[in-house]
Amino acid sequence: MKKAKLLSRLRGRWPGTGWAVSLEEAATVRSMKRGHRMPRATPAYSLKFRIIRKALTEEKRVSTKTSAADLVTETDHLVEDLIISELRTRFPSHRFIAEESAASGAKCVLTASPTWIIDPIDGTCNFVHRFPTVAVSIGFAVNQELEFGVIYHCTEERLYTGRCGRGAFCNGQRLRASKETDLSKALVLTEIGPKRDPATLKLFLSNMERLLHAKAHGVRVIGSSTLALCHLAAGAADAYYQFGLHCWDLAAATVIIREAGGIVMDTSGPIRTGEPERTSGGWNVPETLQH
Ligand code: IPD
């Protein structure tokens, strides 16, 4: 369906600005040290979330990308185009890294320029199957440092925000990551990722086995890495791991987790040095896993 036609249909069917009310919180994630601001929440801004929520229950045109389990729909493209065009109008000099643009061949290079890092629908497989766990994730970096992140849970209307040095919140409530460091008392989150080759599957299953042998309380797979990371920031789980995440899966969530007192690391150690990272749950998970 043509973008203009789809948009006018959606606008017609979604009068009112109810979503904009909960999105007002986004306006509090603003005024960066260097003068960069989160765009204010407006009905136009909330349109993206309404588009996703509505499309969730409708028939979709689904294509595959890197594998038969790596899905994309016309709504992923539509939402990404809308976010980028709106931000580009407001911030013409800024750069963008976005999932579907990258899949279409756009270069994915983080420079010192102000850069928006966007996943228009995280949990596309959930979205395709009408499983109501999908999010929009937008991170913002300057000088290659993440400054703020916003993740919106489209069906539960939860807005997660994190701003460097200013804390992390969900619908106004401060987020605090778990302090649990004992894997045998931990609830662990992971995601399967889109690869289905025998070596990847073997590794995934053997890591599951290792966690269960280590007597973790439980292991959960919810189908959206960004929302799993938000649960981690909220202290609703103690650790998360995944091999093969992309920057758009991680950018916004990294700020939110750090601001909630959690740590984010790759398999060789913390992603960023500098300020000592505060301790949180999950520190001993990497030692348990193979990669
Ligand atoms: C995917 C989801 C999934 C994770 C994949 C991601 P997408 O993002 O977050 O849970 O396992 O690695 O790529 O494709 O739904 O935006």
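The values are calculated or read from the model by the stated rules, or taken from the named source; none is laboratory data. Keep in mind the model is a prediction, meaning the values are calculated, not measured. Note that we place each Cβ from the backbone using ideal geometry, even for glycine, and neighbour counts take in every protein chain shown.
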Subset tally (residues that are closer than 19 Å to THR288 by Cβ, surrounded by fewer than 24 Cβ atoms within 10 Å (Cβ to Cβ) and more than 16 Å from the ligand (Cβ to nearest atom)) for the stretch 227-268: 3
Does any residue in the stretch 197-215 that is touching a residue at least 12 places away in the same chain (Cβ under 8 Å) come within less than 6 Å, Cβ to Cβ, of a residue that is of a type in the set (Ser, Thr, Tyr) six or more places away or on a different chain, and which pairs are these? ARG210/THR288; ALA214/THR288; LYS215/SER184
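Residue by residue, here is whether (1) among the small types (Gly, Ala, Ser); (2) out of contact with any strand residue (DSSP E or B) (no Cβ under 9 Å at 6 or more places or on another chain); (3) at pLDDT below 95 holds:
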| position | (1), (2), (3) |
| --- | --- |
| LEU211 | no, no, yes |
| ARG220 | no, no, no |
| LEU229 | no, no, no |
| LEU232 | no, no, no |
| GLU259 | no, no, no |
| PRO270 | no, yes, yes |
Which residue pairs have Cβ atoms under 7 Å apart, sit 6 or more places apart or on different chains, and have a first residue in the stretch 61-74 that is under 14 Å from ASP122 (Cα atoms) and a second that is assigned to a strand (DSSP E or B)? ASP70/THR64; LEU71/VAL62; LEU71/THR64; VAL72/SER63; THR73/VAL62
Let me spell it out: the conditions are (1) on the phi < 0 side of the Ramachandran plot; (2) within 17 Å of the chain's Cα centre (by Cα); (3) modelled with pLDDT under 95, and ASN171 meets all of them except one. Which number is the exception? (1)
Right, GLU157: more than 16 Å from the ligand (Cβ to nearest atom) and closer than 16 Å to PHE49 by Cα or not? yes
Output for Cβ contacts, cut-off 7 Å, separation at least six or different chains, first residue aliphatic (A, V, I, L, M) in the stretch 122-140, second more than 9 Å from the ligand (Cβ to nearest atom) and part of a loop (DSSP other than H, G, I, E, B), reads VAL128/LYS60; VAL134/LEU56; VAL134/CYS154; VAL134/THR155; ALA135/CYS154; VAL136/CYS154
Scanning the stretch 107-134 residue by residue, those outside any loop (DSSP other than H, G, I, E, B) and within 11 Å of the ligand (Cβ to nearest atom) turn out to be ILE118, ASP119, PRO120, ILE121, ASP122, THR124, CYS125, ASN126, PHE127, VAL128
May I ask you to say which residue of ARG61, ARG95, ARG53 is more than 11 Å from the ligand (Cβ to nearest atom) and closer than 24 Å to GLY193 by Cβ? ARG61
Which count do you get for residues in the stretch 160-176 that are crowded, with 22+ Cβ neighbours inside 10 Å and in contact with a helix residue (DSSP H, G or I) (Cβ under 6 Å, 6 or more places away or on another chain)? 4
For residues in the stretch 189-226 being within 8 Å of the ligand (Cβ to nearest atom) and crowded, with 21+ Cβ neighbours inside 10 Å, which is farthest from VAL134 (Cα to Cα)? GLU191
